[in-house]
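Take a look at the structure set out below.
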Amino acid sequence: MRGLGESLFPLENAVDVSPPGAEGHRARMRARLLRAGPDALADPELLEMVLYVALPRRDTKSLARALLARFGSFAAVVAAAPNDLRAVDGMGEAGTATLKVVQAAALRLARAEVAERPVLANWERLTAYLNAVLAREPVEQFRVLFLDNRNRLIADEVLGRGTVNHTPVYPREVVKRALELRASALILAHNHPSGDPTPSAEDVAMTREVKAAAATLGLALHDHVVIGNGRWCSLRQEGLL
């Protein structure tokens, strides 16, 4: 059992390698965060503070900048694969786990916001959530949002993972899961790792197969959203559903 005050993550490298004056610098960032909110911190500062939770004796300022140089943005750092994060000198298990906790918390918050109201009346939050979940996936991932008869979210589940340009989808499995959850409607979503959300002919054909299978059991298919890199496409809005 952990003692009181013991860190959630094990300390790595007991030798203090933080630069002189680091404590004062971090105290000023904490004060600014609490006084003015998270937007008061630039990406390197926010990442530095997150890493300090797990690596209090490291030079997390330099580490944060190295991560941003490697991955490009705060969001990309947090979403990076664990093996890629561990490959950055100084990260280790503790730093990597901390960033994965941040990612999990952000996704749970976004999912909770989607679930607060009927999904169709909350389209901006839905696409923001799907973008957060799917945009940085290195391979195609097929998700289904199962809705009740008031279009509120019952569950969001991954029903398939594939390659960089293909995911096998079985309409019978989608419908079977909808019946198990007692869903009344569906929204399909998947990503294009290429970054271009334009639906392929296979995407359109698969969507129509799922729609036909769902209709035989009285299930509505509201849409199929394809997520790219910062962009998305609705098959319904494109007249393809």
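Take L181 and tell me if it is farther than 18 Å from L130 by Cα, out of contact with any Ser or Thr (no Cβ under 7 Å at 6 or more places or on another chain), surrounded by fewer than 19 Cβ atoms within 10 Å (Cβ to Cβ) and modelled with pLDDT of 95 or more. Don't jump to the end; show me each part of the working.
Details: farther than 18 Å from L130 by Cα: yes; out of contact with any Ser or Thr (no Cβ under 7 Å at 6 or more places or on another chain): yes; surrounded by fewer than 19 Cβ atoms within 10 Å (Cβ to Cβ): yes; modelled with pLDDT of 95 or more: yes.
In short, yes.
Given the residues F142, F146, which is the only one that is surrounded by 15 or more Cβ atoms within 10 Å (Cβ to Cβ), in contact with a His (Cβ under 9 Å, 6 or more places away or on another chain) and in contact (Cβ under 8 Å) with a residue 24 or more places away in the chain? Reasoning before the result, please.
Working: F146 fails: in contact with a His (Cβ under 9 Å, 6 or more places away or on another chain).
Criteria check complete, one pass: F142.
Which one of these is in contact with a helix residue (DSSP H, G or I) (Cβ under 9 Å, 6 or more places away or on another chain), under 30 Å from R177 (Cα atoms) and not acidic (D, E): V77, V114?
V114 is the lone residue from the list that is in contact with a helix residue (DSSP H, G or I) (Cβ under 9 Å, 6 or more places away or on another chain), under 30 Å from R177 (Cα atoms) and not acidic (D, E).
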Search result, residues across region 194-241 that are in a strand (DSSP E or B) and either assigned by TED's automatic domain parsing to the domain that holds S73 or over 18 Å from P171 (Cβ atoms) (or both) = I227, W232, C233, S234
query = From the list L51, L41, L85, L63, which one is outside the structural domain of E137 (by TED's automatic domain parsing), of a type outside the set (S, T, N, Q), within 18 Å of A105 (Cβ to Cβ) and over 21 Å from the mean Cα position of the chain (by Cα)?
reply = L41
message = Would you confirm whether or not region 188-211 contains a residue that is of a type in the set (A, V, I, L, M), more than 17 Å from R236 (Cα to Cα) and modelled with pLDDT of 95 or more?
response = no
key: G95 vs. criteria small (G, A, S), modelled with pLDDT of 90 or more and not in a helix (DSSP H, G or I)   = no
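Could you tell me whether F146 is more than 15 Å from L120 (Cα to Cα), hydrophobic (A, V, I, L, M, F, W, C) and not in a helix (DSSP H, G or I)?
Working: more than 15 Å from L120 (Cα to Cα): no; hydrophobic (A, V, I, L, M, F, W, C): yes; not in a helix (DSSP H, G or I): yes.
The answer is no for F146.
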Hits in region 184-241 - residues which are over 20 Å from the mean Cα position of the chain (by Cα) and among the β-branched types (V, I, T) = T198, V204, T207, V210, T216
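Take region 189-222 and flag every residue that is of a type in the set (S, T, N, Q) and surrounded by fewer than 19 Cβ atoms within 10 Å (Cβ to Cβ). Before you say what the answer is, go through the steps one by one.
Our first condition is that a residue be of a type in the set (S, T, N, Q); within region 189-222, this holds for 191, 194, 198, 200, 207, 216.
Listed by number, the residues that qualify are S194, T198, S200, T216.
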message = Tell me yes or no: at least one residue of region 170-180 is outside the structural domain of A75 (by TED's automatic domain parsing), more than 15 Å from D223 (Cα to Cα) and among the acidic types (D, E).
response = yes
inquiry  = What's the number of the only condition in (1) under 23 Å from E173 (Cβ atoms); (2) within 10 Å of the chain's Cα centre (by Cα) that Q141 fails to meet?
reply    = (2)
key: Residue among E124, E113 that alone is surrounded by fewer than 17 Cβ atoms within 10 Å (Cβ to Cβ), in the same structural domain as S184 (by TED's automatic domain parsing) and without any contact (Cβ under 8 Å) to a residue 60 or more places away in the chain   = E124
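The values are calculated or read from the model by the stated rules, or taken from the named source; none is laboratory data. Not measured: the values here are computed from a predicted model. Every residue, glycine as well, gets a Cβ built from its backbone with ideal geometry; the counts of neighbours run over all protein chains shown.
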